[in-house]
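Single-structure report; data block below.
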Amino acid sequence: MSLSTHVLDNATGQPARGVPVRLERRDGDGWTTVAAGRTDTDGRVRDWPVEIGVHRLVFDTAANSDFFPEVAVVFQVADADRHYHVPLLLSPYGYTTYRGS
């Protein structure tokens with residue numbers, strides 16, 4: 001089972017390159033970092049490992065938004081046989097995310 005993400009800058013219509021991203025897994029009352037990196041030239045991070053349970057992606061968006069210096073997306077991994085894709089669409093004063101394919 002794997003995870004990917006894609007960060008798009010809605011203000012420019014371009015991939016958000018070089019965005020620091022951290023993948024964390026909930027362990028009891030806290031979070032453990034599973035992987036960390038930066039988006040590539042296409043705004044993507046690919047093939048991070050995930051296990052069944054609650055995870056979060058933490059995007060360091062300070063360079064892309066004056067209002068949202070960080071975006072955290074918490075999600076549930078429930079199916080060991082599926083690939084999970086969690087995109088982030090970022091604009092200066094808003095963001096959205098969804099379960100991709």
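A few remarks follow.
- Pairs, first at positive phi in region 12-32, second part of a strand (DSSP E or B) and at pLDDT 95 or above, C-beta under 6 Å, six or more apart: GLY18/ARG38
- Number of positions in region 66-95 that are of a type in the set (S, T, N, Q) and exposed (fewer than 12 other Cβ atoms within 10 Å of the Cβ): 1
- For ALA63, the stated conditions do not hold, so it cannot be described as loosely packed, with under 13 Cβ neighbours inside 10 Å and modelled with pLDDT of 95 or more.
- In region 65-81, the count of residues that are aromatic (Phe, Trp, Tyr) and part of a loop (DSSP other than H, G, I, E, B) is one or more.
- Among the residues of region 27-50, the ones that are in a loop (DSSP other than H, G, I, E, B) and within 15 Å of the chain's Cα centre (by Cα) come to 5 in all.
- So ASP42, is it touching a residue at least 60 places away in the same chain (Cβ under 8 Å) and within 20 Å of ARG99 (Cα to Cα): no
- Pairs linking a residue in region 69-94 that is within 17 Å of VAL54 (Cβ to Cβ) to a residue that is at pLDDT 95 or above and among the charged types (D, E, K, R), with Cβ atoms under 6 Å and 6 or more positions apart or on different chains, are ALA72/ARG56; VAL74/ARG56.
The values are calculated or read from the model by the stated rules, or taken from the named source; none is laboratory data. For clarity, every value in this text was computed on a predicted model and none was experimentally measured. Methodologically, a virtual Cβ is constructed for each residue, glycine included, from the backbone with ideal geometry; neighbour enumeration extends over all protein chains shown.
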